1. Answer yes if at least one residue in the range 242-250 is more than 17 Å from the chain's Cα centre (by Cα) and crowded, with 24+ Cβ neighbours inside 10 Å, and no otherwise.
2. Any idea how many residues of the range 251-279 are touching a strand residue (DSSP E or B) at 6+ places or on another chain (Cβ under 9 Å), surrounded by fewer than 23 Cβ atoms within 10 Å (Cβ to Cβ) and either among the charged types (D, E, K, R) or at pLDDT below 90 (or both)?
3. Can you name the helices (runs of 4 or more DSSP H) wholly within the range 68-181 that have at least 2 residues being farther than 25 Å from GLN228 by Cα and open to solvent by less than 40 Å² (accessible area, probe 1.4 Å)?
4. I'm trying to understand the selection: among the residues of the range 204-216, which are open to solvent by less than 70 Å² (accessible area, probe 1.4 Å) and modelled with pLDDT under 95?
5. Just one of the numbered conditions (1) within 26 Å of the chain's Cα centre (by Cα); (2) open to solvent by 30 Å² or more (accessible area, probe 1.4 Å); (3) at negative phi is not true of GLN188; which one?
Amino acid sequence: MIYSGAPAAPRVFDSVLRGLLASPDAVTYRPRMKAEPDRETARESIIEFRNVGYRLPNGQPLLEGLNLAVGRGETLVLLGRSGAGKTTALKLINRLLNPSGGEILVEGKSTCSWDAIALRRHIGYVIQEIGLFPHFTIEQNVSLVPRLERWPVDRTSARVNELLNLMRLDPAKFSKRYPHELSGGQRQRVGIARALAVDPPILLMDEPFGALDPLTRGELHKEFRQLQRRLEKTIVIVTHDVGESLLLSTRIALLDAGKLTGVFSVKEFLAAREPVAAAYVANFRMYEEAERTNEPD
């Protein structure tokens, strides 16, 4: 079973996490405060934060001096406590917010130079509350952006069917239903399908699995890993769940109180001596210890 964050769940570590949690003694922690790509992620940057800050109108800083690059085709997880600045950083990418200082580049172009609507249609966006229109059918929800882009009807219909099949939702069964007629996991699948409708190169996901029950969440984690391999999108995920970060990420960017404390591969994160990262890992390992303690003799 995939770790879901539920403390009472037995056998919370699947084989993937067991491998990741092998002794990290051979791994040398090297913080990369400027998000230098390692060999695995040394690729063209599609998103860049350059000394980015964001302040509320009253002057309260939510982000300060953020320098971070996301390589094309990688999955970067923004991990941190509530209020760490994760969602703020995400919203700066698709210009739901504009920076108070510094700049964000998307495909080499400042977000402030992009037309805001064109930028958002270039980037898929999935949120925890899903945000489906309750008065639209599933077909109408998924086809929203293609229709706004004036795709031909036959092309739009084919794309909706393709995406619903990709999300394991039979179009004949689900296309004409309304969101309230679906389970939470099914609605989340529709939300991902809608975000992928016009095949954007970038996908932003804000706590996409946080509202789901542990079993459904585990199922979607597995399906999402398959989608990652198949679609090769550049993905940025916001979460406060360490297990989710380890399962889904290429790298983990750790935010604390509006500042970047480090960028880590999964192995580096598990071996990290940086205090905030080490605290997350220690908390995460409690579940493994509880599992060992409760095993029958």
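The values are calculated or read from the model by the stated rules, or taken from the named source; none is laboratory data. Keep in mind the model is a prediction, meaning the values are calculated, not measured. Counting neighbours? That spans all protein chains shown, and the Cβs are built from the backbone with ideal geometry, glycine included. Note: accessible area is taken over every heavy atom of the protein model, side chains too, but ligands, DNA and RNA are not part of it. Shrake-Rupley method; radii C 1.70, N 1.55, O 1.52, S 1.80 Å.
1. Taking every residue of the range 242-250 in turn, none turns out to be more than 17 Å from the chain's Cα centre (by Cα) and crowded, with 24+ Cβ neighbours inside 10 Å.
2. 3
3. none
4. MET205, ASP206, GLU207, PRO208, PHE209, GLY210, LEU212, PRO214, THR216
5. (2)
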